[in-house]
Amino acid sequence: MSAIDTPRVELPQTVEPSSVAPSKLLVIGSDLVMCATGVFIAHALSPRSVDALISTFALLGAWAMGLGRARLYALRFITRRSEEIRRIVDAGMRALGSTALLGFLFRWDISRQWLILAVVIGTGLLVTEREVFRRRFNHRRRNGSMRRPILIVGDNREATDLRAMFEQDSDLGYDVRDTIPTSFGPDRSRLISDVFVALDRTGATAVVIAASSIPPDHMNRLVRDLLDTGIHVELSSTLADIEPHRLTVRPLGRYPVVYVEPIERQGWRAAAKRLFDVTVAAAALLILAPIAAIAAILIKIDSPGPVLFRQQRVGRNGVLFGVLKFRTMVENAEALKASLADANEAAGPLFKMRIDPRVTRVGRVLRLTSFDEVPQLWNVIRGEMSLVGPRPALPVETAAWGDDVYGRLRVRPGITGMWQVSGRSGTTFEEYTRLDLFYVDNWSLVVDLTILLRTIPAVLKSDGAY
């Protein structure tokens with residue numbers, strides 16, 4: 001079939017999902033108000049002059065253009081926290097630099113402190129405002145609105161995973177209308193025909209293609225035909241669980257190539273993480289010492305046995321160490337474990353019971369509050385653990401791992417981690433593994449701080465703890 005013979009059907013106009021357009025305008029207006037508020041607060045705290053007034057409007061203009069150039073109003077970036085914050089900060093820095101350059105060229109008498117204060121206040125307001133919108137939009141998406149109707153093209157594992165991900169996570173903003181199989185051999189015209197017919201039938205306005213499911217010549221033809229008719233096209237990649245800021249698309253000859261920035265696990269970043277760990281762990285031990293002493297007394301009164309429980313875990317590079325916890329079970333808990341095997345509620349090599357008869361009365365309270373893990377701060381000071389990292393695994397768990405899971409051992413295990421703020425004991429072994437590997441591959445000090453801040457409400461709510 002020639003290009004002229006490509007099936008033509010009446011396609012829906014590629015409009016945004018219902019109510020997205022007015023919501024976008026609301027976000028744009030709110031962003032401008034936040035920027036203006038930050039600028040005028042800083043202006044009110046600084047010496048007033050004609051130059052200061054001119055630079056005020058120059059900063060506002062540069063900031064507005066910076067937010068637009070950062071593509072902060074594209075549907076795929078709205079409601080995605082980490083990428084959104086990075087782009088907001090980048091837009092603020094560009095506005096600051098542009099205004100400072102204009103001030104230098106036109107010899108404006110402006111204060112550098114004023115410029116910095118304006119951008120800091122405005123950025124903080126923007127991040128707060130976007131968080132409010134994010135929660136509002138996510139709530140509406142869970143209720144079925146503000147979601148883009150899409151088709152998925154592909155019939156392999158990648159396509160299946162894509163559909164499952166979109167259907168399980170409504171916050172992504174996709175409404176999967178249908179999946180188009182690609183197993184047609186050399187007959188690419190049939191694939192193109194089926195996609196266009198499905199677009200007309202379902203009212204989808206975008207197509208997500210599982211790239212590994214289609215040969216290159218089929219892919220190029222399909223993408224060109226879709227773009228010619230105004231359909232949004234997105235190509236998935238088999239590179240999963242990598243933070244967007246580590247990915248850069250750049251041309252390499254005829255092909256767009258995705259460059260993946262490597263993770264620096266040594267050098268100043270590792271030194272800064274270690275310094276942060278030791279400082280916070282030592283301070284926390286001092287602050288929590290009185291409560292820990294009371295917990296130790298209650299453990300002794302509640303049941304016979306030692307106050308601390310030491311269990312062998314697998315640390316960085318496979319080195320074994322003894323993780324410390326306040327004892328929350330009866331003294332012979334390990335001996336009783338075999339008799340409870342049929343009651344195990346966890347998948348894989350993990351052992352979890354929501355109502356475990358081995359847990360003592362005091363132990364149940366310690367577990368619900370996560371206070372049983374306070375002694376692990378000593379493991380952090382000793383260098384065996386980190387405040388944030390993968391969940392420390394038991395030797396019996398690592399024995400059951402596949403080769404791909406051993407990446408968890410490239411860093412120190414943590415007291416808390418992505419698993420802690422994503423369901424805790426309610427998380428499956430497969431999800432534990434995915435979250436741990438995501439952390440290992442995307443670690444940064446900012447990620448650590450974010451996880452620590454998210455751990456506080458997770459502990460207070462006792463999310464998944466038992």
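The values are calculated or read from the model by the stated rules, or taken from the named source; none is laboratory data. Note that the structure is predicted; figures quoted are calculated from it, not measured. Glycine also receives a Cβ, built like all others from the backbone with ideal geometry; neighbour counts cover every protein chain displayed.
Numbers for the structure displayed
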| quantity | calculated |
| --- | --- |
| Failed item, numbered, when R364 is tested on (1) more than 26 Å from the chain's Cα centre (by Cα); (2) within 17 Å of V459 (Cα to Cα); (3) modelled with pLDDT of 90 or more | (3) |
| Matching residues in the range 292-313 - criterion: being within 16 Å of W378 (Cα to Cα) and either touching a strand residue (DSSP E or B) at 6+ places or on another chain (Cβ under 6 Å) or in a helix (DSSP H, G or I) (or both) | A292, A293, A296, L308, F309, R310, Q311, Q312, R313 |
| Failed criterion for I150 (all others in (1) in contact with a Ser or Thr (Cβ under 8 Å, 6 or more places away or on another chain); (2) not in a strand (DSSP E or B) hold) | (2) |
| Where A346 falls short, out of the listed (1) under 31 Å from the mean Cα position of the chain (by Cα); (2) at pLDDT 85 or above | (2) |
| Test: residue in the range 246-261 that is under 30 Å from the mean Cα position of the chain (by Cα), closer than 22 Å to G417 by Cα and either surrounded by 11 or more Cβ atoms within 10 Å (Cβ to Cβ) or among the hydroxyl-bearing types (S, T, Y) (or both) | yes |
| Only listed residue being among the hydroxyl-bearing types (S, T, Y), at pLDDT 95 or above and over 18 Å from W443 (Cβ atoms), chosen from T328, T279 | T279 |
| T450 within 22 Å of R274 (Cβ to Cβ), in the same structural domain as A272 (by TED's automatic domain parsing) and crowded, with 21+ Cβ neighbours inside 10 Å | no |
| Options L222, L227, L285; residue that is under 30 Å from R316 (Cβ atoms) and part of a helix (DSSP H, G or I) | L285 |
| In the range 280-305, the residues that are under 20 Å from E384 (Cβ atoms) and surrounded by 12 or more Cβ atoms within 10 Å (Cβ to Cβ) | V280, A281, A282, A284, L285, L288, A292 |
| D169 being within 26 Å of A240 (Cα to Cα), modelled with pLDDT of 90 or more and out of contact with any strand residue (DSSP E or B) (no Cβ under 8 Å at 6 or more places or on another chain) | no |
| Options D155, D200, D175, D171; residue that is part of a strand (DSSP E or B) and not small (G, A, S) | D175 |
| Search result, residues across the range 72-89 that are at pLDDT 70 or above and among the polar types (S, T, N, Q) | S82 |
